[in-house]
Amino acid sequence: MNFAKSRLPEFIASFALFEVGSTTLFQIGAEAKQDAWLVMLVAALAGLLLLLMHLFIHRLDPKRDLYELCLTYFGKVAGMFFGSIFAAYFAYEASRNLRDLGELASYVLLNRTPIGIIILIAALVIANSVRYGAKVVFLSCLVMIPFIIVSYFVLISMIAGVGLIHFENMLPGMENGVLPVLKNVPDVIAFPFGQTVLFLVFFPMIHQQKNMRRAVLVTYGLTAIFLILVNQMNVLVLGPKLAETVTFPLLQSVQLIELVEVFERMDILFVLVLFIGLGTKLVLFYIGAVAGGSRITGTPYKKWVIPFGIAIFGMSFISPNFTHHLWVGIDVVLKWYPIIQIGLPVILMILMLVRKNKRGSDVAS
């Protein structure tokens, strides 16, 4: 992988777009209904702890990426095994984002085009971006993020301006107690807040290491607040029951905008914004998987672009329909993600601390 150093602003732009990604496409913590914002808040705080752990791991050994850390501290054989797990996880997440992108395009824009053709074209475009490495993608994100910020600001302002927000939909608060809130928190940690483990692959690329920690934490906080507000806006506009059942709740909210018979079909703008977010998340997961193949085998980065592209394309068709795709994502794979997002990084951190303390003892003696 081309680990050319990147500047902090472009990395932060990529981090923010990754966190937003496909999150606004769905209603997060929907089972908690009007208390979804509480689920998101608690999960975001837990995700902050995970991010602090990732930053601490990087601080212990700032020159090595995730796969090099696995090979160094788990040992060669175990390191290859756990590194392969991370690479497979990133590839699977990329395939889920690819399917989301295809379903969204088919639902809104290209409903007469076979979804297989849509996904194939998207996969080819993304693979071409991955071929150039992370630095180029980071630069692209820096260019796109002003458009994303302005677009979301316009959409949210118009939803509020036409009187679609009804704050009474947040009442009664915690109607069924705290249990429904806590029940949904683990899944929301896994998606989207626990996915920051991917950035252990990219942290060594940052040139301004001194300011990175503060910038990443501030960006995470602002992004988390934004996601909580946008997620709760679905409840305020559609009501808790409808927000839970609609496939794309924020898209449904945006489609309600009608302003002086001029500003209609604002859903097209929202879909464009979603494509950028989904594409960013997809390409970064894809790069993370390809980097794993390169690091684990010691072969050139570009040789893994096509094999992983084929795997990602194939995995995107595991589910026969979008309903099954959502069910697998929510009720099956999310239950296993804590092992990868929390368990393995915790073990890695412990091994790094043990190694560091052992070296300190050897030097002292």
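The values are calculated or read from the model by the stated rules, or taken from the named source; none is laboratory data. Treat the numbers as computed from the prediction; the structure is a model and nothing was measured. A quick note on method: Cβ atoms are made from the backbone with ideal geometry, for glycine too, and the neighbour counts reach across all protein chains shown.
See the values below:
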read-out	value
Within region 194-229, tally of residues that are crowded, with 20+ Cβ neighbours inside 10 Å and within 30 Å of Met170 (Cβ to Cβ)	8
Some residue of region 99-116 being more than 25 Å from Ala190 (Cα to Cα) and touching an Asp or Glu at 6+ places or on another chain (Cβ under 8 Å)	yes
In region 157-188, the residues that are in contact (Cβ under 8 Å) with a residue 24 or more places away in the chain and among the acidic types (Asp, Glu)	Glu175, Asp187
Scope region 291-316; condition assigned to a helix (DSSP H, G or I), of a type outside the set (Gly, Ala, Ser) and closer than 19 Å to Leu66 by Cβ; matching residues	Arg295, Ile296, Thr297, Tyr301, Trp304, Val305, Phe308, Ile312
Close pairs from region 306-323: first closer than 14 Å to Asn97 by Cβ and in contact (Cβ under 8 Å) with a residue 12 or more places away in the chain, partner of a type in the set (Ser, Thr, Tyr) and surrounded by 12 or more Cβ atoms within 10 Å (Cβ to Cβ), Cβ under 7 Å, at least 6 apart	Phe308/Tyr286; Ile312/Ser95; Ile312/Tyr286; Met315/Tyr92; Met315/Ser95; Ser316/Ser95
Residue in region 242-252 that is of a type in the set (Gly, Ala, Ser), surrounded by 15 or more Cβ atoms within 10 Å (Cβ to Cβ) and touching a Ser or Thr at 6+ places or on another chain (Cβ under 9 Å) present	yes
Breaking point among (1) touching a helix residue (DSSP H, G or I) at 6+ places or on another chain (Cβ under 8 Å); (2) part of a helix (DSSP H, G or I); (3) surrounded by fewer than 22 Cβ atoms within 10 Å (Cβ to Cβ), for Phe153	(1)
Ala134 being within 30 Å of Arg213 (Cα to Cα), in contact with a helix residue (DSSP H, G or I) (Cβ under 9 Å, 6 or more places away or on another chain), of a type outside the set (D, E, K, R) and surrounded by 17 or more Cβ atoms within 10 Å (Cβ to Cβ)	yes
Index of the failed condition, Gln208 passing every other in (1) at pLDDT 90 or above; (2) within 28 Å of Phe11 (Cα to Cα)	(1)
Qualifying residues in region 64-78 (those that are part of a helix (DSSP H, G or I) and in contact (Cβ under 8 Å) with a residue 24 or more places away in the chain) - the one nearest to the chain's Cα centre (by Cα)	Leu66
Residue satisfying all of: in region 31-68; crowded, with 18+ Cβ neighbours inside 10 Å and among the aromatic types (Phe, Trp, Tyr); nearest to Leu242 (Cα to Cα) among these	Trp37
Condition met for Leu227 (part of a helix (DSSP H, G or I) and either under 30 Å from Ile85 (Cβ atoms) or out of contact with any helix residue (DSSP H, G or I) (no Cβ under 9 Å at 6 or more places or on another chain) (or both))	yes
Residue pairs meeting the criteria (Cβ under 8 Å; at least 6 apart or on separate chains; first touching a residue at least 24 places away in the same chain (Cβ under 8 Å), in region 12-35; second surrounded by 24 or more Cβ atoms within 10 Å (Cβ to Cβ) and among the hydroxyl-bearing types (Ser, Thr, Tyr))	Ser14/Thr280; Leu17/Thr280; Phe18/Thr280; Gly21/Thr280
